[in-house]
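Student: First the structure, which I've put down as structure tokens, then a few questions once you've had a look.
The values are calculated or read from the model by the stated rules, or taken from the named source; none is laboratory data. Please read these numbers as outputs of a predicted model, since none were measured by experiment. Neighbour counts are summed over all protein chains in view; Cβ atoms, including those assigned to glycine, are modelled from backbone coordinates with ideal geometry. Accessible surface areas use protein heavy atoms only, side chains included; no ligands, DNA or RNA. Shrake-Rupley method; radii C 1.70, N 1.55, O 1.52, S 1.80 Å.
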Amino acid sequence: MAEAPPDDCRPLKYSIHKFSTFSSNYVPELKYFRNILEDKPSNQGSRWSSDSNNPPQYLILKLDRPAILRTIKFGKYEKTHVCNIKKFRVYGGLSDENMILLLESGLKNDTVPETFLVKYTVAGHQFPVRFVKIVPLQSWGSTFNFSIWHVALGGFDEWTMVQKCINWYTTYREREAIRLCLKHFRQHNYTEAFESLEKRTRVTLEDPRLTRLHKMLVDQGDFDGCEQLIGEAAEEGLFQQYIRQQEYKPQWTPIIPNPGGSSGPPPRPGMRGGHQMCIDTNTQTIYLFGGWDGMQDLSDLWSYHISSQEWTCITRDTHAEGGPSARSCHKMCLDPERRQIFTLGRYLDSALRIPDNLKSDFYMYDIENNKWTQVTEDTASLGGPKLIFDHQMVMDVEKRIIYVFGGRVLTPSRWEGLGLDELRTNNYTPSEAIFSGLYAYHVSTNTWTKLRDDCSGNSTGPQDIKSRIGHSMLFHSGSRQLFILAGQRIKEYLTDFFMYNIDTDTVTYISDGTRKDSSSVPAAGFTQKATIDPHLNQIHVLSGLSKDKDKRDENVRNSFWVYDISQNKWSCIYRNEQTGESYWSKMQHVEPCPRFAHQLVYDDVNKVHYLFGGNPGKASLPKMRLDDFWSLRLCRPSTQQLYQTCVLLIRKHRFSELARENSVMALKYLQTRLHSAVDHSDPQQVQEFQALATTLFQPQDDTSVGYVQAFPDDDSSSTPTTTDLGWRHTARSMLFDQLTQFFPEHMTQPRGNLVDLIPY
């Protein structure tokens with residue numbers, strides 16, 4: 001992702017150090033043509049071009065002096081070009097033989113220069129760079145060579161600061177080398193060498209708690225003490241970093257309403273799509289309003305009480321009670337502090353789009369008093385949006401401001417109501433569709449403010465916002481940003497993703513939508529549903545109707561994505577693309593069938609999503625809608641589960657040692673201590689547990705002994721006892737490595753191994 005450079009960044013001078021190949025006169029630097037050192041977008045010859053696209057192709061730059069590199073900027077030719085690099089990597093280091101990865105990204109195939117922030121810290125400290133290596137991976141023309149037109153580097157080269165960083169980095173590398181040696185010596189029981197190096201250098205291998213764990217486990221074989229120490233670590237929250245790094249696993253559960261009494265089936269909302277839901281986490285209540293059942297718009301209002309698992313029909317017709325008329329494709333938002341629900345917008349068929357019907361009515365529902373109030377008959381008359389549908393609406397509860405973005409404006413244009421032949425005769429084009437901008441509604445003063453107009457042009461600037469329908473918009477209460485994602489504009493399916501800062505009126509693009517790799521980001525879609533967890537700093541997206549441009553048709557394919565805001569990273573944790581009848585009958589109680597026009601709300605207190613209804617997109621049943629209700633939990637291992645995993649690892653190892661020494665004691669241990677550590681609801685654990693008993697009746701496996709003999713102890717000999725001791729030390733060391741993977745990396749011994757530094 002291209003980003004703005006830091007304000008205090010300065011240009012860094014460099015020269016060409018090395019390059020892999022070059023084509024014709026397109027070398028990085030000539031005597032009379034400085035090529036990539038100078039930005040000449042109109043000069044087609046001012047570039048470096050490889051003579052092949054076979055790896056490795058590279059370009060190594062040498063800074064005039066060591067610096068803290070912060071940015072790299074790529075200039076471009078004045079026209080799009082097939083040789084522009086689509087994907088690349090950037091490495092950096094103090095020598096050209098030892099560099100680390102600073103950036104992996106790609107360039108757009110356009111004429112706009114792009115600037116990227118690069119990695120510049122190690123272990124929380126800035127590290128210096130003298131050499132920068134650019135490695136093209138793919139060009140926009142798949143069979144074409146790579147071209148780089150211009151490179152500019154930015155950072156800090158003030159010598160006093162850089163010298164401190166060099167000193168720290170040199171010390172850091174030396175310390176890490178010593179720690180690798182300490183790890184190697186301890187793993188292979190070179191006790192004297194370990195103690196001597198530790199004493200001489202005063203370098204600590206790990207956190208004292210892990211040193212204590214190693215002594216208990218490897219040296220003393222105090223397995224009960226190890227379990228207690230692991231338990232203390234779990235209580236201190238030391239497993240939390242590991243837990244946060246694990247991928248979520250989805251757990252769908254169908255929600256069957258509480259049957260209640262014997263007077264008949266419990267009440268519940270009927271089939272629908274295009275409805276709206278919101279959730280009050282304070283009272284654990286979900287509200288559902290309106291929608292389209294395949295035949296008509298609905299005006300019923302329901303509440304679902306999570307604790308009692310009961311639906312309650314508040315009213316069958318809100319319009320009859322002074323509320324909004326039947327509608328779909330509208331939007332709702334909730335003020336949980338004042339217990340108020342706001343609703344705006346609706347869709348109208350062409351035949352109904354007469355001026356009298358095109359007023360943008362705006363309603364508020366008072367939950368406590370069960371009363372509807374029409375806030376205004378037409379928001380457009382107060383400076384707000386015209387009548388729109390498939391827009392988005394969110395609320396800043398603290399400031400009592402509602403934000404409305406996008407949506408298609410309904411107009412009584414001369415095209416409405418005409419048949420297809422008449423539209424063609426009158427040269428109708430869908431580009432005449434009108435989209436609404438970004439508005440803010442101040443609840444306390446009943447006033448509207450237009451924040452942004454729709455940017456209707458084909459090209460947009462860095463602060464422009466392109467309006468759309470069927471998108472997602474979320475409000476982050478902590479950073480006070482609006483996150484806007486995807487949607488559709490006429491025939492264009494959008495994949496851009498940007499933030500709007502409501503306090504500074506600035507736009508920041510996270511992704512401009514040019515990246516086409518659907519395996520790493522959500523595919524272009526429409527009516528996807530998104531939620532936000534400001535505490536976890538995550539956005540969740542359940543896809544809806546997607547566009548497959550290769551097949552040129554629309555497909556209902558659901559996938560669930562999690563976006564980590566802090567790490568700028570998408571993760572797909574669930575996919576469901578099955579639509580066949582056999583799949584439905586088999587999986588209808590396991591996971592929801594693919595759909596669009598559904599509704600999804602999120603309980604950010606209990607971390608549960610709730611899904612209701614939607615359109616399954618069945619061509620044979622175009623009017624079919626769904627009324628199923630699901631909960632979704634995103635599961636990661638809990639602290640207790642990790643503790644139980646550690647206990648099971650320790651006890652399985654203890655059993656393996658007993659099995660080599662005394663089969664009777666081992667069998668008793670298997671039936672008691674090890675049996676109690678197994679999760680008997682987990683088929684895999686049960687199967688592994690049952691297989692352990694068979695090891696008591698098999699010949700001893702000496703493969704591990706052979707490994708130990710290849711790396712003998714200091715006092716090793718050919719006696720069985722010494723071999724047994726060698727096996728025990730090696731096996732316990734391996735168990736120690738398994739246990740420490742659950743601890744934060746800053747507490748543990750190095751993850752790498754000394755022998756891995758030796759080339760084959």
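Student: List pairs: first residue in the range 662-678 and of a type outside the set (A, V, I, L, M, F, W, C), second residue loosely packed, with under 12 Cβ neighbours inside 10 Å anywhere in the structure, Cβ distance under 9 angstrom, at least six positions apart or on different chains.
Tutor: These pairs meet every condition: Ser663/Phe697.
Student: Scan the range 388-397 and give yes if some residue there is touching a Cys at 6+ places or on another chain (Cβ under 6 Å) and more than 23 Å from Asp280 (Cβ to Cβ), otherwise no.
Tutor: yes
Student: Another one. Can you confirm whether the range 270-284 contains a residue that is in contact with a Pro (Cβ under 8 Å, 6 or more places away or on another chain), surrounded by 15 or more Cβ atoms within 10 Å (Cβ to Cβ), closer than 30 Å to Val394 by Cβ and of a type in the set (Gly, Ala, Ser)?
Tutor: no
Student: Residue under question is Met364, and the condition is that it be assigned to a strand (DSSP E or B), modelled with pLDDT of 95 or more, open to solvent by 10 Å² or more (accessible area, probe 1.4 Å) and under 21 Å from Val605 (Cβ atoms); does it hold?
Tutor: So Met364 does not fit the description; no.
Student: Is there any pair with a first residue in the range 324-337 that is at positive phi and a second that is buried (at least 22 other Cβ atoms within 10 Å of the Cβ) and among the small types (Gly, Ala, Ser) whose Cβ atoms are under 6 Å apart and which are 6 or more apart or on different chains, and what are they?
Tutor: Listed by first residue and then by second, the contacts come to Cys329/Gly274.
Student: Also, I was wondering about something else. Just one of the numbered conditions (1) open to solvent by 60 Å² or more (accessible area, probe 1.4 Å); (2) at pLDDT below 90 is not true of Arg10; which one?
Tutor: (2)
Student: Also, I was wondering about something else. Any residue in the range 475-487 that's outside any strand (DSSP E or B): show its pairings with residues that are surrounded by fewer than 18 Cβ atoms within 10 Å (Cβ to Cβ) and not β-branched (Val, Ile, Thr) at Cβ separation under 6 Å, as long as the two are six or more apart or on different chains.
Tutor: Ser477/Pro534; Gly478/Pro534; Arg480/Asp503
Student: Just to check your reading of the model, which residue among Phe239, Phe289 is farther than 29 Å from Arg346 by Cβ, of a type in the set (A, V, I, L, M, F, W, C) and either open to solvent by less than 30 Å² (accessible area, probe 1.4 Å) or touching a helix residue (DSSP H, G or I) at 6+ places or on another chain (Cβ under 8 Å) (or both)?
Tutor: Just a single option satisfies the conditions, and that option is Phe239.
Student: While we're here: Go through (1) at pLDDT 90 or above; (2) touching a Lys or Arg at 6+ places or on another chain (Cβ under 7 Å) and name the single condition Ile100 misses.
Tutor: Condition not satisfied by Ile100: (2).
Student: Which of the residues spanning the range 121-137 are of a type outside the set (A, V, I, L, M) and either free of Cβ contacts under 8 Å to residues at least 60 places away in the same chain or within 16 Å of Leu12 (Cα to Cα) (or both)?
Tutor: Those that are of a type outside the set (A, V, I, L, M) and either free of Cβ contacts under 8 Å to residues at least 60 places away in the same chain or within 16 Å of Leu12 (Cα to Cα) (or both): Thr121, Gly124, His125, Gln126, Phe127, Pro128, Arg130, Phe131, Lys133.
Student: Also, I was wondering about something else. Can you pull out every residue in the range 621-674 that is among the small types (Gly, Ala, Ser) and either over 34 Å from the mean Cα position of the chain (by Cα) or open to solvent by less than 40 Å² (accessible area, probe 1.4 Å) (or both)?
Tutor: Correct list: Ser631, Ser656, Ala659, Ser663, Ala666.
Student: Taking Val118, is it open to solvent by 50 Å² or more (accessible area, probe 1.4 Å), of a type in the set (A, V, I, L, M) and free of Cβ contacts under 8 Å to residues at least 60 places away in the same chain?
Tutor: Criteria not met by Val118.
Student: Let me spell it out: the conditions are (1) buried (at least 20 other Cβ atoms within 10 Å of the Cβ); (2) free of Cβ contacts under 8 Å to residues at least 12 places away in the same chain, and Arg200 meets all of them except one. Which number is the exception?
Tutor: Among (1) buried (at least 20 other Cβ atoms within 10 Å of the Cβ); (2) free of Cβ contacts under 8 Å to residues at least 12 places away in the same chain, Arg200 violates only (1).
Student: I need the full set of residues from the range 46-63 which are touching a helix residue (DSSP H, G or I) at 6+ places or on another chain (Cβ under 9 Å) and not in a strand (DSSP E or B), in order please.
Tutor: Answer for the range 46-63, where residues must be touching a helix residue (DSSP H, G or I) at 6+ places or on another chain (Cβ under 9 Å) and not in a strand (DSSP E or B): Ser46, Arg47.
Student: Of the residues in the range 743-760, how many are farther than 11 Å from Glu206 by Cβ, open to solvent by 100 Å² or more (accessible area, probe 1.4 Å) and out of contact with any Leu (no Cβ under 8 Å at 6 or more places or on another chain)?
Tutor: Residues flagged as farther than 11 Å from Glu206 by Cβ, open to solvent by 100 Å² or more (accessible area, probe 1.4 Å) and out of contact with any Leu (no Cβ under 8 Å at 6 or more places or on another chain) within the range 743-760 amount to 5.
Student: So how many residues does the range 705-743 have that are at pLDDT 95 or above, part of a loop (DSSP other than H, G, I, E, B) and not hydrophobic (A, V, I, L, M, F, W, C)?
Tutor: Residues that pass the stated criteria total 1.
Student: Return the pair list, or none, for Cβ contacts closer than 6 Å from residues in the range 624-638 that are closer than 16 Å to Leu288 by Cα to residues that are open to solvent by 30 Å² or more (accessible area, probe 1.4 Å) and among the polar types (S, T, N, Q), at least 6 apart or on different chains.
Tutor: Ser631/Thr253
Student: Next question. Of the conditions (1) in contact (Cβ under 8 Å) with a residue 60 or more places away in the chain; (2) crowded, with 16+ Cβ neighbours inside 10 Å, Trp372 satisfies every one except a single condition; which number is it?
Tutor: All conditions are met except number (1).
Student: How about the range 314-353: which of its residues are among the polar types (S, T, N, Q), buried (at least 17 other Cβ atoms within 10 Å of the Cβ) and not in a strand (DSSP E or B)?
Tutor: Result: Thr318, Ser328.
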